[in-house]
Structure formats: structure tokens, C-alpha cells
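Working notes, beginning with the structure itself.
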Amino acid sequence: MLRMWNKKTKFSLKFAYDAPVTLSFAFISIILFVIDLILKKVDLSLLILSSPTSAKGSLPVELNNALSYFRILLYGFGGTTPVLIYNLIFVLLLGPGIEEKYGSVVIGIMMMFSSLFAGVLNSCFGTTPLKGCVSMVFMLIFLNSFTSFTNKKVPLSFITVFVLFILSQIYTEPKMNALQFFINIAGGLCGSLFAFLASPKAKSARKTAKKGSGLLSKAEQINRAEEIDSQSPRLKNKKMEDDDTTVVGTLKF
């Protein structure tokens, strides 16, 4: 009995890397945060994990300096302790579902463009550097609500999550001004625009269009073949064989 019980209780537990882009982004952010804590002499948050600002800001963009371009690309991985934790919680909650729906490549492109667009806007108009993936979280919130919006319904869950995320940003970043909020929201909207081109409905529509893009669609080809086959002499001869009338002779050409 003991051996049978041991055999029945054996089970295997496997970990699935189900959302590669979302998990990789979270792990890279955590690793950079830990490195920033260890390297006390080098402030990574100020060096490459903060977006540049306009000429009037505290971290003006320099077109001849490569660091300015690195900051625009990498600032989304940064953030202080409470901000980083709150942002990653939203990313890990919303990201896997979106990545499963649209694919890893598409979600990676949308995250990159939302962060890049917000960074460029802040370099043109902002006076305070952006830190963290706020624009990416806005993009994920917008993408989660697109399905309900297409059905002419305003999801209450979208409004609740949107308001809670803004409140979390106000609580963790009291110095964040209204301009930064609008820049992050604009970045999220820019990134989510790719969802209209990569949505499952759009993909299926393109596939059906490709299938029926020839001279005749598949259904039309089948109907045409049946019509031609119905006029075949083979079927006429078969009808004549089934007929009771006497056939005197046949003519061959």
C-alpha cells in the first residue's frame, strides 16, 4: 500500500516561460535596479535610465551626444523603488494576456514605440526626465479595453484600472506634473495603434482576402466545376442507358 501511495503522489512541476517579452522586460528592469544599488559611485538612474528633456529642462537633450539616444531607448527600464514595483506589477498582470493575443513580436514593437514616442515628446517639450515604463502600462491598459470598445461598451474595469494607476503614480511620484502624464498617455496611445493592424480579426480578414484574391474564390471554383460536370457527355450517356427507349444506333465523330 505504501508503494502504491508513493507512485500515485508523484508529480512533475514545470515552469513555463509563457510571456517572453513581458518577463524579459521585468527581469532586465530588476537586474538594472540591483546593479544601480550595488554601484554606488555610478548613478545608472541619472546616467542612462532617465529620458532627456528639452533645452530648458534639467537633463537637456544633446544631438551630438550618444548618451541622449541611449536614454531615450533605456529609460523605460528605470524607476525608483516604489515606482518600479508598482509599474512591474501592472506590466506582469496585463502583459501576458496581451502577448498571448497579439504575439511576442507585436507586443515588443508596441512597447518599444510607446516608450520611444513618449521619450521623444519629453525631449521636445518636457522639463523633467521620465523614469520607468509608465507609457507602456498605459498602452497595456488601452489594449485590454479595445475589445469592449469595439462592442460599443465602456468597460468599468478599464476606468477603474486607469484611475488606480494614475493614483498610484501620484502617490509614488508627487513631483510628476500634468505634462508628464499627458506625454505618457500619448506614448501609450501611439504604441497601442499597432493593435489595429495586428489584431486577430484583422489577421483573419487578411487571410480570407488572400484566399479569395484570385479570379475565382474556392467556393466559386467548386460551383463552377459542378456546373461543368453536370453538362458532361458522360452524364448524358448514363441517362440514355437508364432510359427504357430502344437505341437504334449511335454516331461517332
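What base-10 log of the normalised intensity I(q)/I(0) is obtained for region 22-63 from the Debye formula, alpha carbons as equal point scatterers, at q = 0.20, 0.21, 0.31 Å⁻¹?
Results for region 22-63 at q = 0.20, 0.21, 0.31 Å⁻¹ read -0.71, -0.75, -0.97.
Any idea of the accessible area per residue across region 62-164, 1.4 Å probe, to the nearest Å²?
Numbers: 5030 Å² over 103 residues.
On a per-residue basis, region 62-164 sits at 49 Å².
List, in the order given, every pair from Lys40/Lys131; Lys101/Lys152; Lys101/Lys175; Lys14/Lys131; Lys131/Lys153; Lys56/Lys131 whose Cα-Cα distance in the structure shown is over 25 Å. Don't skip to the answer; put the middle values down first.
Values: Lys40/Lys131 19 Å; Lys101/Lys152 21 Å; Lys101/Lys175 36 Å; Lys14/Lys131 35 Å; Lys131/Lys153 33 Å; Lys56/Lys131 18 Å.
Check vs 25 Å cut-off fails for Lys101/Lys175; Lys14/Lys131; Lys131/Lys153.
Can you order the peptides 102-109, 14-21 by their average number of other Cβ atoms within 10 Å per residue, highest first? It would help to have the intermediate numbers written out before the result.
Details: 102-109: 17.5, 14-21: 10.6.
Ranking, from highest mean packing down: 102-109, 14-21.
Amide H to amide H, which residues 5 or more places from Thr53 or on other chains are under 5 Å from it, using H placed in the peptide plane?
For Thr53, whose amide H was placed from the backbone, the distant partners under 5 Å are Leu59, Val61.
Can you give the local net charge around Asp43? Use residues other than it whose beta-carbon is closer than 14 angstrom to its beta-carbon, Lys and Arg +1, Asp and Glu -1. Working shown, then result.
Working: positive: Lys40, Lys41, Arg71, Lys131; negative: Asp36.
Computed value for this residue: +3.
Per the Kirkwood formula on distinct C-alpha pairs, the Rh of region 8-163 is how many angstrom?
Values: mean 1/r = 0.0589 Å⁻¹.
That comes to 17.0 Å for region 8-163.
For Gly79, enumerate residues with amide H under 5 Å from its amide H, sequence gap 5+ or separate chain, H modeled in the peptide plane.
Here the answer is Gly132, since their amide H atoms fall under 5 Å of that of Gly79.
Residue by residue through region 45-51, which ³J(HN,Hα) values in whole Hz follow from phi under the Karplus form 6.51 cos²θ - 1.76 cosθ + 1.60 (θ = phi - 60°), with glycine and proline marked x?
For region 45-51, the Karplus curve yields 4, 8, 6, 10, 9, 9, 6 Hz.
With the crude spin-label approximation of a point 7 Å out along Cα→Cβ, what separation in nm comes out for Ala55 versus Asn177?
Computed distance between label sites Ala55 and Asn177 equals 1.8 nm.
I need the peptides 120-126, 22-28 ranked by packing, meaning the mean over residues of other C-beta atoms within 10 angstrom, with the highest value on top.
Details: 120-126: 20.3, 22-28: 17.3.
Final packing ranking: 120-126, 22-28.
Rounded to the nearest 0.05, what FRET efficiency do Ile38 and Ile166 give with R0 = 35 Å and r taken as the Cβ-Cβ distance? Could you check? Mind dumping the intermediate values first?
Numbers: r = 32 Å, r/R0 = 0.93.
That pair, Ile38 with Ile166, gives E of 0.60.
Residue-wise, which Karplus ³J(HN,Hα) couplings in Hz belong to region 168-181, taking 6.51 cos²θ - 1.76 cosθ + 1.60, θ = phi - 60°, and x for glycine or proline?
Going residue by residue, I get 5, 5, 5, 6, 8, 10, x, 7, 5, 8, 5, 4, 5, 4 Hz, with x marking Gly and Pro.
How big is the Cα convex hull of region 67-110 in projection, averaged over all directions, in nm²? All intermediate terms of the calculation are to be shown ahead of the outcome.
Values: hull surface 14.6 nm².
Approximately 3.6 nm², given one-decimal rounding.
Let me make sure I get this right: for region 92-158, a, b and c are the square roots of the gyration tensor eigenvalues over alpha carbons, sorted descending. Under 1.5 in a/c it's rounded, otherwise prolate if a/b > b/c, else oblate. Which is it?
On the way: a/c = 2.42, a/b = 1.62, b/c = 1.49.
Prolate, because a/c is 1.5 or more and a/b exceeds b/c.
Through the Karplus equation 6.51 cos²θ - 1.76 cosθ + 1.60, θ set to phi - 60°, convert the phi angles of region 182-188 into ³J(HN,Hα) values in whole Hz; use x for Gly and Pro.
Running phi through 6.51 cos²θ - 1.76 cosθ + 1.60 with θ = phi - 60° gives 5, 5, 5, 5, 5, x, x Hz.
The values are calculated or read from the model by the stated rules, or taken from the named source; none is laboratory data. From a predicted model like this one, the values you see are computed outputs, not experimental measurements. We place every Cβ from the backbone using ideal geometry, glycine too, and count neighbours over all the protein chains shown. The protein model used for the area step is the full one, side chains on, heavy atoms only, and it has no ligands, DNA or RNA in it. Shrake-Rupley method; radii C 1.70, N 1.55, O 1.52, S 1.80 Å.
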